[in-house]
Amino acid sequence: MKKILIICLLFVLTACSSSNSKKNKVTIGIIRVPNDTVLAIQNKWIEEAFEPLGLEVEFRFFDSGVSMNQAFASGSLDIAEMGFTNAVVALHKKLPVELFWIHDVIGESEALVVNDESITDISQLKGKKIATIFNSTSHLSLLKALELNGLSSNDVTLLNMQTAEIVAAWNRGDLDAAYTWEPTLSSIKESGKVLIDSSELAKDGLMTTNVGLVHKDFAENHEDALKEFIKALDKAYQLRERSFDTVVSDTEDYLGITKEQAEIQLKGSKWISKEEMISDTFMGKDYLDVFYETSVFWESNGFIDSELDMKDIEAFINTDYIEAVINDD
C-alpha cells in the first residue's frame, strides 16, 4: 500500500511540474516576413525581457494565418503575427484572441505577377490560372484587383496554395499568375512581370496590414509580458528609424537571405510608431471601417457566412496595451 501511495504521489508531482512548465512557456507564431519581430528575435530582446518574468519563449514558423488560427483554436499558441484578413476570420470564428499591434503596412512586398510578358492589363487574365494563399492579404488584394478591372473570381481559375507550392508550380509552368508576398514574390519575379502591387491598391483605398494577435488568457495572466513584447517591437521600429543598414544586416542574418533581398523586402512595407498606431488611421476609426468592409467583402465572396458587427470589431482591436506602454515611458 505504501509503495502504491509513493507512486501516486510521484505521478501527481510530475503532472504538476509538467503543468507549471507549460504555463511558463510562451509560444509565439511568426511568418517569414522581414518585420519588427525579426529584429526583436535576432537581437534577443524578447527572451531578455521575458526571462526575469520566469517565461521561456518558443518561436514557431507558420506559412500563413490560417494555420495560426487553428493553433489559437487548439490553445497551443499565445501570440502570433498574420495578415489582417485572417484576423477578420479569427473574429468571425469567435476565437479567444484580440488584436494588439500592427507589424507593418503592406506595400510592394505583395504583388500580382504574370509569367507571360505580353499580358499588360489585369483584364487579360480572364480564363487564366492564378494562385494565392486563401484568406490572406494577397487573396483579398487579388480579388480587389480583379474587381477593379471588371473581373470576378468566376472569370479566372483560383488556386489555393501555400507559398512553397506557388514557387514549385510556377517553376513547372503550371500557373499563369500568382499574388503572393516576399520572399516567394522575389522568386517568381525572376521569370515574371509585376502587374500591380499592394501599394498601388492602397491608393484605391485598400490598406492591407500584418497584425499581432494575442490569446486572451495570455493577455489576462501575463499583461506585463505582453507589454514587454510591445516594447521590444517598438525598439525594432526605433532601430529602423535610426539605422536602416543595421536592420538590413539583422534581417539578412536571421532569414538567411542576401543583403539585396533584405533591403528590397524591408522597403516593400511601412513600419509605424506605437503613437501613430493608435491613431484613427490605424487602430482607430478608419481601421475599424477597413475591418468591417473586409468582412463584408469576405462574406460576399463566400469565405465567411456573415459580416462582422462593429461593436465586436471595437472590442477586438484593443489599444489598451500600447497605451499602457506609452504611459510607462
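The values are calculated or read from the model by the stated rules, or taken from the named source; none is laboratory data. Please read all numbers here as calculations on a predicted model, not as lab measurements. Neighbour counts run over all protein chains shown; Cβ positions are idealised from the backbone, glycine included. Each accessible area value is taken on the protein alone, full model and side chains, heavy atoms only, with ligands, DNA and RNA left out. Shrake-Rupley method; radii C 1.70, N 1.55, O 1.52, S 1.80 Å.
Filtering region 247-265 down to residues that are within 17 Å of Thr184 (Cβ to Cβ) and of a type in the set (Gly, Ala, Ser), which residue is nearest to the chain's Cα centre (by Cα)?
Checked region 247-265; the qualifying residue nearest to the chain's Cα centre (by Cα) is Ala262.
Identify, by number, the condition in (1) under 15 Å from Ile133 (Cβ atoms); (2) in contact with a Ser or Thr (Cβ under 6 Å, 6 or more places away or on another chain) that Met82 doesn't meet.
Result: Met82 fails condition (2) only.
Considering only residues of region 34-47 that are open to solvent by less than 20 Å² (accessible area, probe 1.4 Å) and assigned to a loop (DSSP other than H, G, I, E, B), which is nearest to Gln261 (Cα to Cα)?
In the first step, residues of region 34-47 are kept if they are open to solvent by less than 20 Å² (accessible area, probe 1.4 Å); the result is 34-41, 46.
Those still in the list that are assigned to a loop (DSSP other than H, G, I, E, B) too: 34-35.
Working: Pro34: 10, Asn35: 13 Å.
For region 34-47, the residue satisfying everything is Pro34.
With respect to Trp170, determine if the residue is among the hydrophobic types (A, V, I, L, M, F, W, C) and without any contact (Cβ under 8 Å) to a residue 60 or more places away in the chain. Talk me through it step by step, then tell me what you get.
Numbers: among the hydrophobic types (A, V, I, L, M, F, W, C): yes; without any contact (Cβ under 8 Å) to a residue 60 or more places away in the chain: yes.
Yes, satisfied.
Among the residues in region 193-208, are any touching a strand residue (DSSP E or B) at 6+ places or on another chain (Cβ under 6 Å) and assigned to a helix (DSSP H, G or I)?
Among the residues of region 193-208, at least one is touching a strand residue (DSSP E or B) at 6+ places or on another chain (Cβ under 6 Å) and assigned to a helix (DSSP H, G or I), which makes the answer yes.
Report whether or not Ser118 is closer than 30 Å to Leu151 by Cα and open to solvent by less than 10 Å² (accessible area, probe 1.4 Å).
No: the conditions fail for Ser118.
Go through region 60-74 and report how many residues are at pLDDT 95 or above and either open to solvent by less than 50 Å² (accessible area, probe 1.4 Å) or of a type in the set (S, T, N, Q) (or both).
Number of matching residues: 6.
For Ala225, work out the one condition from (1) outside any helix (DSSP H, G or I); (2) open to solvent by less than 50 Å² (accessible area, probe 1.4 Å); (3) touching a residue at least 24 places away in the same chain (Cβ under 8 Å) it doesn't fulfil.
(1)
Just need a number here: residues in region 48-66 that are touching a helix residue (DSSP H, G or I) at 6+ places or on another chain (Cβ under 7 Å), farther than 29 Å from Val88 by Cα and part of a loop (DSSP other than H, G, I, E, B).
Final tally of qualifying residues: 1.
Show me the helices (runs of 4 or more DSSP H) found entirely inside region 231-329 where at least 2 residues are surrounded by 21 or more Cβ atoms within 10 Å (Cβ to Cβ) and of a type in the set (Phe, Trp, Tyr).
The qualifying helices (runs of 4 or more DSSP H) are 285-300.
Tyr179 fails exactly one of the following numbered conditions: (1) open to solvent by 20 Å² or more (accessible area, probe 1.4 Å); (2) under 20 Å from the mean Cα position of the chain (by Cα); (3) closer than 18 Å to Gly268 by Cα. What is the number of that condition?
Of (1) open to solvent by 20 Å² or more (accessible area, probe 1.4 Å); (2) under 20 Å from the mean Cα position of the chain (by Cα); (3) closer than 18 Å to Gly268 by Cα, only one is false for Tyr179: (1).
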